[in-house]
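One structure below.
The values are calculated or read from the model by the stated rules, or taken from the named source; none is laboratory data. Please read all numbers here as calculations on a predicted model, not as lab measurements. As a convention, Cβ positions derive from the backbone with ideal geometry for all residues, glycine included, and neighbour counts pool all protein chains shown. Only protein heavy atoms, including side chains, enter the accessible area calculation; ligands, DNA and RNA are left aside. Shrake-Rupley method; radii C 1.70, N 1.55, O 1.52, S 1.80 Å.
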Amino acid sequence: MINTNVGKLSRRRLMAGMGTAAAGAMLWGHGALGAASDSLPESPSGTSAEDLARDESYWQRVASFYDRTEGIVNLEHGYWGKMPRPVQSSYLQALERVNTQNSFYARKEFSSDYRRAVEQAAALLGAEPDEIVLTRNATESIQSLILQYDSLKTGDSVLLADVDYPSFKTLMRSLEQSRGVKAVELALPRRATQAELLAAYTEAFDANPKLKLMLLTHVSNQHGLVLPVAKITAEARLRGIDVICDNAQSWGLLDYRITDLGVDWAAFNLHKWIGAPLGVGALYMRRGTREKIKVHPGERDLSSKSVGARVHPGTINFAAIIAVPDALGFHNAVGGANKTARLRYLNELWREEAETLSHIEVLGGADPESRTGMGSFRLLGKNSDDDAKALQKTLEADFGIFSVARYGLADGACVRITPQVFTTPNDLRQLVSALKRITA
Ligand SMILES: Cc1ncc(COP(=O)(O)O)c(C=O)c1O
């Protein structure tokens, strides 16, 4: 268990600073090591996120805080988020401090650094600090939620979808053996609007009246599709279906507060779009919902009410947690809404061209709300796993563009394209030129 007993006063102070990105940069960050606010790429005030998305000089300044991958155009930033240099140096200093002070630091001082990280993560998410525990990744959070969910009985059904993360689908299916339930799998259309996605889920609810629990992915790993989580969750609640939400890919790629989504439980990564060091995730449990998720069986107090008792990570990477406030500070200085808009704009730059090419199939969102900076495509009709692997290899070997093949959609495999805030329009022009010339 990790102690999540954090103070309310500091959270109020933090929340007071959430008005503008500039104000945020003054209040946020200042972790144990502290990234100075003059070393952050604060966004100009009075410019809309959509206008700023096209301001190349601003994004060049943001890009100057990152080291670029050498030797290739890297368009695979969905794996994890590169730390900007101030966060990297904060992390490296933390590593030195932890290694030098060893157990003396870990046993005496880590709990206050941990509390600071939780308070700031919770404030940015719009959660209460006692609703959050930091984990090692979204996988650890989801495993706790699915495996410790305690309200299933033989004969119930659980719902998953093709857009869910592969190992989470396997976990949901494993409930058939372990809990005697039926796992229902929903196949979503290749391209869909928010209304069509909601309709697909409500149809599945109506066709499966024994549904008790569902996994819902906010942003898919295969093609960056955004599901209308708040609306689907409202429909689920009307039918008594509990929702476990996978927000691994969405936090920082989209700008939202967890309360906007109305979910009881959610799993996050801070090492993707928040830009924290590798090895930091979070588990959110809304107050009043803990009884349905059992305490981790490795805990001493099996009647504990705390969120922290739902995971049992053992010894963790202290330095990564120490760097979290600085990662949040940098993210906030750029601004969540600005990042979302810039990444969507970068997606537009290649996707709109790709949509005009008759030998290319673009997958994912069919309206702006269903799209993110992450997108995917394939060569027309070539949807096997081997086709996607071959396409990824050709892009890399013949065109110098790094991407990744993604699997598991009912419609077949694809290649995912994920720019980051430091990706340039020129990088995407290179991709478009490759798409025009590619044949196999
Ligand atoms: C949608 C989604 N869920 C879950 C995960 C798992 O994240 P992690 O391996 O950091 O736990 C990923 C990773 O890419 C993802 O894209």
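When peptides 130-142, 297-309, 360-372 are ranked by their average number of other Cβ atoms within 10 Å per residue, the highest-first order is 130-142, 360-372, 297-309.
When the helices of the chain are scored as -39500 (n - 2.57) per DSSP H run of n ≥ 4 and the total is divided over every residue, the value at 222 nm lands at -13000 deg cm²/dmol.
Given +1 at the Cβ of Lys and Arg, -1 at the Cβ of Asp and Glu and no other charges, the dipole of region 76-181 around its Cα centre is 380 debye to the nearest 20. Rounded to the nearest 20, the size of the Cβ-charge dipole of region 200-353 about its Cα centre is 480 debye, with Lys and Arg at +1 and Asp and Glu at -1.
Over all other residues within a Cβ to Cβ distance under 13 Å of Tyr79, the charged ones net out to +3, with Lys and Arg as +1 and Asp and Glu as -1. May I ask which residue of His77, Phe65, Trp251 lies farthest towards the positive end of the charge dipole of the chain, with charges of +1 (Lys, Arg) and -1 (Asp, Glu) on Cβ and the Cα centre as origin? It is Trp251.
Backbone N atoms of region 403-419 closer than 18 Å to the 7 Å Cα→Cβ label point of Lys393 belong to residues 403-407, 413-416. Once the other residues with Cβ under 13 Å from the Cβ of Ser370 are scored (Lys, Arg +1; Asp, Glu -1), what is the net sum? Summing Lys/Arg as +1 and Asp/Glu as -1 gives +3.
For the chain, the antiparallel share of DSSP beta bridges with both residues in that region comes to about 50%. Legend: translational diffusion of the chain by Stokes-Einstein, Rh = Kirkwood radius over C-alpha pairs, 37 °C, 0.692 mPa s; D = 147 µm²/s. Region 245-293 and region 297-326 have Cα centres separated by 15 Å. The chymotrypsin sites (Phe, Trp or Tyr not before Pro) of region 61-170 that meet both conditions, a loop assignment by DSSP and at most 15 other Cβ atoms within 10 Å of the site Cβ, are Tyr79. Packing around the peptides 69-75, 269-275, 284-290, taken as the average count of other Cβ atoms within 10 Å per residue, puts them in this order, highest first: 269-275, 284-290, 69-75. Choose one answer from Thr100, Thr233, Thr394: the residue with the largest mean-square fluctuation in a GNM of the chain with alpha-carbon springs under 10 Å. Maximum among the listed residues: Thr100.
The amide H of Tyr149, built 1.01 Å from its N in the peptide plane, has Lys294 as neighbours under 5 Å, considering only residues 5 or more places off or on other chains.
For the chain, the share of accessible area belonging to carbon and sulfur comes to 50 percent (1.4 Å probe, ligands and nucleic acids excluded). For region 129-327, give me the percentage of DSSP beta bridges that are antiparallel, rounded to the nearest 5 percent. DSSP beta bridges in region 129-327 are roughly 40 percent antiparallel. Counting pairwise Cα distances across region 129-327, what percent come out greater than 27 angstrom? Above the 27 Å cut-off, region 129-327 has 26 percent of its Cα pairs. Backbone amide hydrogens, once placed in the peptide plane, bring Leu188 within less than 5 Å of Asp162, Val163, Ala410, excluding anything fewer than 5 places away on its chain. Cross-link pairs exceeding 21 Å in C-alpha to C-alpha distance, out of Lys153/Lys305; Lys393/Lys436; Lys212/Lys272; Lys82/Lys389, comprise Lys153/Lys305; Lys212/Lys272; Lys82/Lys389. For the chain, the solvent-accessible area with a 1.4 angstrom probe is 40 square angstrom per residue.
Each residue of region 212-229 was assigned a 3J(HN,Hα) from its phi angle through the Karplus expression (A = 6.51, B = -1.76, C = 1.60, θ = phi - 60°), giving 10, 9, 9, 9, 9, 9, 5, 10, 6, 6, 7, 9, x, 5, 9, 8, x, 4 Hz with x at Gly and Pro. Which whole-angstrom value gives the distance between the alpha carbon centres of region 400-414 and region 104-139? Each part's Cα centre sits 34 Å from the other's. Here region 135-240 is assigned +1 on the Cβ of each Lys and Arg and -1 on the Cβ of each Asp and Glu. Its dipole about the Cα centre then comes out at about 100 debye. Taking Lys and Arg as +1 and Asp and Glu as -1, the other residues whose beta-carbon sits under 10 Å from that of Val226 total -1. In the chain, taking the dipole from charged Cβ atoms about the Cα centre, the farthest positive-side position among Ala333, Trp265, Ile293 is held by Ile293.
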